[in-house]
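Structure, as structure tokens:
The values are calculated or read from the model by the stated rules, or taken from the named source; none is laboratory data. Because the structure is predicted, anything quoted here is derived from the model rather than measured. Cβ: placed from backbone, ideal geometry, glycine included. Neighbour counts: every protein chain shown.
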Amino acid sequence: MKKDLQTREDVAKLVHEFYTKVRQNKEIGCFFNESIQDWGEHLEKLTDFWETNLFFKNKYKGNPKKAHIEVDQNFNESIDQKHFGIWLNLWFETVNDNFEGEKADRAKNNARNMASHIFMKIYMARQEKNLI
């Protein structure tokens, strides 16, 4: 039986395994590999994000919407909904491979909501840019 996400170490394991898959993915890896300069620092930041998200700790400092909009702009507005689908499938796979329980379910639900929200923010930023 798998355990639920309980500690920062659990979250770090999830984040590291997930981004190993993301970086190797032919369809979405480029967005990450060409945008992130310091993977060690980025993985720490993402661990802070998910620890804050899952355990309601106040560790994460950042603006994921702004960061994703900038990446989309750097890639000529080529990030599509299918890319978020791939990201989400890899996230679910990684969670399911390692954990089960309330926090694991929250990690999947929050990722689903976040993917939809960030994609809509990217789309809206494109529309605002075209109005100028």
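So in the stretch 48-68, with the set limited to residues that are in contact (Cβ under 8 Å) with a residue 12 or more places away in the chain and not in a helix (DSSP H, G or I), which one is surrounded by the fewest Cβ atoms within 10 Å (Cβ to Cβ)?
Filtering first and then ranking leaves K61.
Looking for something modelled with pLDDT of 95 or more, in contact with a Phe, Trp or Tyr (Cβ under 8 Å, 6 or more places away or on another chain) and hydrophobic (A, V, I, L, M, F, W, C) - is there at least one such residue anywhere in the stretch 50-63?
No, the stretch 50-63 contains no residue that is modelled with pLDDT of 95 or more, in contact with a Phe, Trp or Tyr (Cβ under 8 Å, 6 or more places away or on another chain) and hydrophobic (A, V, I, L, M, F, W, C).
Counting only residues that are out of contact with any helix residue (DSSP H, G or I) (no Cβ under 9 Å at 6 or more places or on another chain) and not in a loop (DSSP other than H, G, I, E, B), which one in the stretch 75-105 is surrounded by the most Cβ atoms within 10 Å (Cβ to Cβ)? Before you say what the answer is, go through the steps one by one.
First pass over the stretch 75-105, keeping only residues out of contact with any helix residue (DSSP H, G or I) (no Cβ under 9 Å at 6 or more places or on another chain): 76, 82, 89, 100-102.
Now restrict to residues that are not in a loop (DSSP other than H, G, I, E, B): 82, 89, 102.
Values: K82: 10, N89: 12, E102: 10.
Here the residue is N89.
Being touching a residue at least 12 places away in the same chain (Cβ under 8 Å) and at positive phi: is that true of E27 here? If you could, list the steps in order and put the result at the bottom.
Values: touching a residue at least 12 places away in the same chain (Cβ under 8 Å): yes; at positive phi: no.
Spelling it out, it is not the case that E27 is touching a residue at least 12 places away in the same chain (Cβ under 8 Å) and at positive phi.
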